[in-house]
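Notes follow once the structure below has been shown.
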Amino acid sequence: MRTLQRLLRFLSNSLRPCLLLVCLTPSAFGVVARNEMEVVEVAGSVLEIDERGATLVVESGAKIRRKAKIIVSAEARLVLALSNGARVLVDGNSSFRVQAFEDRPGKGSLVDLRSDFGKFTFALPRQGPSDVFLVRSPLGEQRLKSRGLYQLNAVEGAPAQQFICLAGETLFIPAQGDGQPVRLKTGEQLSARPNLPSLATSAEPIGAAERRAIIQGLAYEREFRVYPLEVAPSTIGGGSGSPALESVLASIEEVVDRQTQLNPSPTGG
């Protein structure tokens, strides 16, 4: 009974913020063992190549090994659950590795995810003062600073990348030259591209329609939904949408508007 009470108290605290992202299927509430990264959903061909070159097919329920290269084919997708509460949605045609992951109760957690290319969505729980969540790419390092929802888009073979801060705060540190760090707040996006000897970056607000479309798409992900949308309607589009979805979008828009007023865009927009 005491364990059940603690679980209910934890779920109550976790579901309070309107922007908290959780997986709302029954498997979502399974406990991921400490220091583990578990595959909660996989579709299509996803391969794991370890440091010795051995190749495995990634299946649901598998554990992702540190430093192994993960290749998600064009028609595939992958959802990871980390024991620190973070979720990572990886779209098709993506490649990455988790260089390091340590979940240290009371001492903070460390995540070092290194992307080669692809589209990644990160949903983070509330971050503690000692938590470190790094998303590295060939162009630089994103330090995700708070609870929130973030996206990285990097097309294979293209020199530029885009990072979207849908909710939260992040700091981008260029990997080369004398480029200056760029801080992003909720509702802002960063474009980065090589421009030797430094890195060209531009930060600007993301359009309301584009942000809404991204969040709406995530709301219907089977394993990656936006609280409190629990049941996806049978049809998408046509009409004003479900009341639950409209409530989610309205809540996010309210937070975005409030933070935009308190933290103006770096470009003055």
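Since every read-out is calculated from the coordinates, none of them should be taken as a lab result. Because the structure is a prediction, the values reported are computed rather than measured. Using ideal geometry, Cβ is built from the backbone for each residue, glycine included, and neighbour counts are taken over all protein chains shown.
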Along Cα→Cβ, 7 Å out, is where each label goes; now give me the distance between the ones at THR55 and GLU141 in nm to one decimal.
-> 3.2 nm
So who's got an amide H within less than 5 Å of the one on ALA175, skipping anything under 5 residues away but keeping other chains? H placed 1.01 Å off N, in plane.
-> GLY140, GLU141
Pairwise FRET efficiency - ARG126 versus SER45, Cβ, R0 = 45 Å, nearest 0.05 = 0.80
Mind checking which lysines have their C-alpha under 26 Å from LYS69, skipping anything on the same chain fewer than 8 residues away?
-> LYS119, LYS145
Taking the Cβ-Cβ separation of ALA74 and ARG104 as r and a Förster radius of 35 Å, what is the calculated FRET efficiency to the nearest 0.05?
-> 0.45
One finds, for VAL31 and ALA160 with R0 = 41 angstrom and r their Cβ-Cβ distance, a FRET efficiency to the nearest 0.05 of 0.55
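Quickly rank 78-87, 44-53, 147-156 as a protection proxy: mean count of other C-beta atoms within 10 Å, highest first. Don't skip to the end; give the middle numbers.
Values: 78-87: 22.3, 44-53: 13.5, 147-156: 19.5.
Taking the mean over residues of other Cβ atoms within 10 Å, the ranking is 78-87, 147-156, 44-53.
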Given H placed 1.01 Å from N in the peptide plane, which residues other than close sequence neighbours of VAL132 have an amide H under 5 Å from its amide H?
-> SER109, LEU110, VAL111
